[in-house]
Ligand SMILES: *Cc1c(COP(=O)(O)O)cnc(C)c1O
């Protein structure tokens with residue numbers, strides 16, 4: 001979350017004073033329909049028929065997308081080895097097994113390794129758009145279609161970004177966005193949103209996300225039997241915040257891109273440092289400037305130069321698969337009988353999370369450096385910072 005102010009206060013105040021905080025209500029009695037209006041507006045922006053705001057974050061949106069796509073025990077889902085661990089754990093939440101594949105130099109899923117990792121039980125893939133940069137969707141989608149796999153886009157770090165003119169999250173069968181505090185916009189510290197163009201995925205996700213789905217007015221429109229799963233409903237307060245934040249989104253991204261582009265001009269013409277390849281530099285969110293180095297030592301020297309403030313993503317904590325201890329130790333769910341690693345149907349599925357399984361990813365993470373971009377930098381600040389980066393690059 002980069003920006004917040006009086007508008008958020010005003011809109012939340014209206015909801016509070018309406019005393020109608022539940023997402024379902026009657027407009028005639030003063031219900032403001034904030035969640036439904038957010039979903040309508042988000043769908044319009046994304047150019048999809050269905051959106052679903054959730055209180056359970058981007059994680060809930062991923063889980064609902066997988067449940068919506070019918071993924072479950074006996075299925076493998078391919079996920080990149082570099083992502084927030086929720087991408088992998090959401091697969092386990094629906095009872096399936098995540099299989100790790102490498103990233104490429106763009107920091108997204110490597111289409112070639114993805115294809116190599118496809119096995120007899122693979123049912124879906126989750127390309128992740130890390131740090132506001134799209135994965136190689138053209139290639140990933142073509143591989144997925146060839147092998148008849150569902151595509152769930154994890155666009156949690158890419159709210160509002162695009163790939164070849166389309167918003168990320170809308171190119172696969174379903175997409176998940178995060179509106180938690182650390183993302184580009186937020187629904188009040190937590191929140192997530194699922195989008196899909198597939199009516200069946202939407203209906204199943206809708207039922208999965210609301211344990212009281214059968215009591216909602218929408219229930220009569222459903223073509224599937226009601227089942228009971230989780231309770232991820234968003235509140236009207238979240239809806240009001242998400243609506244104001246959404247109005248800020250394209251402006252924030254435009255500022256981030258502009259500042260990233262300016263900063264990038266200071267890093268051209270070097271032998272040992274280059275700007276990371278991007279699958280769509282114009283569509284990405286500009287959250288970071290990613291740089292590539294010949295090796296880890298050079299990356300670290302640059303990142304640690306005074307004033308640079310770089311991050312070598314191998315230090316990115318739980319975004320690196322080697323730090324996913326609960327997976328490595330097969331500690332999933334509260335009860336052993338609900339641990340998908342022990343399900344009969346998952347016997348023989350590939351559940352290898354050892355360090356050696358995606359070593360190419362580790363190598364890429366070691367010779368990359370991220371520079372965080374701020375949408376509110378002044379030109380003067382960018383020029384000063386750019387000079388610091390240029391001087392540090394000259395010393396490599
Ligand atoms: C943040 C994030 C999520 C999960 O979002 P929450 O809102 O924290 O549940 C999933 N995937 C990626 C890549 C993320 O960065």
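Throughout, read-outs are computed from the coordinates displayed, never taken from laboratory work. Just so we're clear, the structure is a prediction, and the values are computed from it rather than from any experiment. Note that we place each Cβ from the backbone using ideal geometry, even for glycine, and neighbour counts take in every protein chain shown.
Table for the structure above
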read-out	value
Sorted by Cβ neighbour density within 10 Å, fewest at the top, the residues 333, 162	333, 162
Cα-based equivalent ellipsoid of the range 104-148: semi-axis lengths in Å, sorted from largest, via gyration tensor	19, 10, 9
Neighbour-count ranking [beta-carbon atoms within 10 angstrom, fewest first] of 168, 361	361, 168
Label-to-label distance, nm, for residues given as residue 354 and residue 270 (7 Å Cα→Cβ offset)	3.7
Estimated inter-spin distance, residue 311 and residue 378, nm [label 7 Å along Cα→Cβ]	2.7
Fraction of antiparallel bridges per DSSP, the chain only, in percent to nearest 5	65
Förster-model FRET efficiency, 45 Å R0, residue 7 and residue 387, C-beta, rounded to 0.05	0.80
Coordinate range along principal axes, alpha carbons of the range 252-352, Å, largest first	56, 33, 23
Helix-only mean residue ellipticity at 222 nm for the chain, each DSSP H run of n ≥ 4 adding -39500 (n - 2.57), per residue, nearest 500	-11000 deg cm²/dmol
Pairwise FRET efficiency - residue 142 versus residue 347, Cβ, R0 = 30 Å, nearest 0.05	0.40
Mean projection area, nm², convex hull over Cα of the chain	19.9
Length added when fully stretched, residue 182-residue 28, from 0.36 nm per residue minus Cα-Cα	51.8 nm
For the range 103-122 versus the range 202-276, the gap between their alpha-carbon centres in whole angstrom	24
Length added when fully stretched, residue 226-residue 395, from 0.36 nm per residue minus Cα-Cα	54.5 nm
Fluctuation leader among 356, 67, 176 - the chain, Gaussian network, Cα springs under 10 angstrom	356
Simple spin-label estimate for residue 297 and residue 211 in nanometres, 7 Å along Cα-Cβ	5.7
Theoretical gain in end-to-end length, residue 332 to residue 17 [0.36 nm per residue, Cα-Cα removed]	109.2 nm
Volume per residue of the C-alpha convex hull in the range 15-119, rounded to whole Å³	145
